[in-house]
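The values are calculated or read from the model by the stated rules, or taken from the named source; none is laboratory data. Predicted, not measured: the structure shown is a model, and the values here were computed from it. Please note: Cβ atoms are built from the backbone with ideal geometry, for glycine as well, and neighbour counts cover all protein chains shown. We work out accessible area using only protein heavy atoms, side chains counted, and drop any ligands, DNA or RNA first. Shrake-Rupley method; radii C 1.70, N 1.55, O 1.52, S 1.80 Å.
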Amino acid sequence: MRRLILLLWICLLFVSCECYHKLDPSQQKLKRTVLVYIAAKNGLAYGNFPEQDQKEMESAIDDVPSDCRLVVFVDDTDLPRLYSWEADKSGCKVKTPIYTYADEVNSASASTLRDVVRMVEEKYPSESYGLVLWSHGRAWLPAAAAPDRHRGTFSEVSDSALVPDVNADPLRRSFGVDNGNNSYSNSGSRMEIADRATALEEFPRFDFIFFDACFMQSVEVAWDLRKATRWLIGSPAEIPGPGAPYEKVLAPMFYTDDYARGIVEAYHKGYADECVPLSASSDDCFGVVLSAVDCDRLETLRKATSDIILAYMSSSIDDNVSRVQHYFPYASTEIPYYFDMLDYMRNNITSSEVLQEWERTFFDAVPIRAATDTWYSAYSNGLCDVNQKNYGGISCYVPLNGKVFAQLNEWFRRTSWYTAASWNQVGW
């Protein structure tokens, strides 16, 4: 009887978990390693979002093939740490520490990102790599711009927390917030686009970089990262507070083919197929706006866009933007509208033949798009509509006249896209 019970217990053990089979000795590299880089030393850590997303990954860990690895870096209210999922003696996947830092690090620093990626690459030589960048985001904006609220969810942060950090380096832009003291604050160090691109270009080109962070799917960001990754995945708008549904998104990260489409569709499906309420007392649901950019096609899009700007744009007039889809609810001196690039061009190119030719290059470069009919904006504390007919899925900055845009225009001139797209040649 005991032997029978023991046999049943062993059988149950081996059917209750997915096993990492030992790699063939002739197989020198894993198929793909994906690093999830969670920069949460900010208000997000106090929304319990890092823990929730890691639990979702754990629930789907059996979707990771045996010849691939998931590695997670976390910098939150505890000491920074790096871990992966490895096989234990029974062959089951278990959370395995790789490195725990003795002191705090700045996770919004390009040097920290570089060190973490290098550590992962050395420990897990792979045929391909994917990178998830998880935190706050501001696209191409400098750190002097107002800090983020809670990402796309109801915030308890007071309006005073939105005051710009006047001591911040105005050249530091976009991704991540590290407040340095494990507080609720969303003010602090940020990672500059060009520094991040330079750091990542030291490594084999990523199959994808996926931003689980607000506003990061902009043409300015994509242009800077085009050499670091084949596919750039993200949202031109605020992402939902709970972020990606990793229990659905994890599997396509390891697809051999069409992984970019798989990630976008799984993320979208998680919000389109079921209501994720804004709060326990709300009947409204989060939505999500997503796309994937093929960075191999960005040079063609740049050339086509440059031709349009030289032919149609001028600083002597304000371009037609009143009807253009935008992904920030109101303009300010420090936050732009984030205009939808496709909708903007459709509102300003008067020749149907020229528009069709530009659209061909655009759809080649941004072939994957998905959006719910609305998404939630924490800034306006309400739902924003998506113009599905003209939805392009990637934002662009449009320099405009008026005092409210003067600072934004100055910041925009510091981006590499400003010159690449020929804005500098039409008086802006």
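Please determine whether any residue of the range 281-297 is open to solvent by less than 10 Å² (accessible area, probe 1.4 Å) and of a type in the set (S, T, N, Q).
The answer is yes, given that some residue of the range 281-297 is open to solvent by less than 10 Å² (accessible area, probe 1.4 Å) and of a type in the set (S, T, N, Q).
Are any residues in the range 403-428 under 21 Å from residue 216 (Cβ atoms), open to solvent by 30 Å² or more (accessible area, probe 1.4 Å) and outside any helix (DSSP H, G or I), and if so, which ones?
Listed by number, the residues that qualify are 413, 414.
Might you let me know whether the range 394-402 holds any residue that is surrounded by fewer than 20 Cβ atoms within 10 Å (Cβ to Cβ) and either of a type in the set (Ser, Thr, Tyr) or within 24 Å of the chain's Cα centre (by Cα) (or both)?
No, the range 394-402 contains no residue that is surrounded by fewer than 20 Cβ atoms within 10 Å (Cβ to Cβ) and either of a type in the set (Ser, Thr, Tyr) or within 24 Å of the chain's Cα centre (by Cα) (or both).
Quick one: how many residues across the range 111-164 are open to solvent by less than 50 Å² (accessible area, probe 1.4 Å), in a helix (DSSP H, G or I) and either modelled with pLDDT under 85 or in contact with a Lys or Arg (Cβ under 7 Å, 6 or more places away or on another chain) (or both)?
Final tally of qualifying residues: 3.
Taking the range 283-306 as the region of interest, how many residues are touching a helix residue (DSSP H, G or I) at 6+ places or on another chain (Cβ under 8 Å) and more than 30 Å from residue 130 (Cβ to Cβ)?
1
Name every residue in the range 302-318 that is buried (at least 19 other Cβ atoms within 10 Å of the Cβ) and of a type in the set (Lys, Arg), in order of residue number.
302
Can you list the strands (runs of 3 or more DSSP E) found entirely within the range 308-391 that contain at least 3 residues being modelled with pLDDT under 95 and on the phi < 0 side of the Ramachandran plot?
374-377, 382-385
If a residue must be farther than 23 Å from residue 255 by Cβ, open to solvent by 10 Å² or more (accessible area, probe 1.4 Å) and in a loop (DSSP other than H, G, I, E, B), how many such residues does the range 36-90 contain?
Looking only at that region, the number is 7.
Sort through 391, 379, 338, 327 and tell me the only one that's touching a His at 6+ places or on another chain (Cβ under 7 Å), among the aromatic types (Phe, Trp, Tyr) and in contact (Cβ under 8 Å) with a residue 60 or more places away in the chain.
Checking each option against the conditions leaves just 338.
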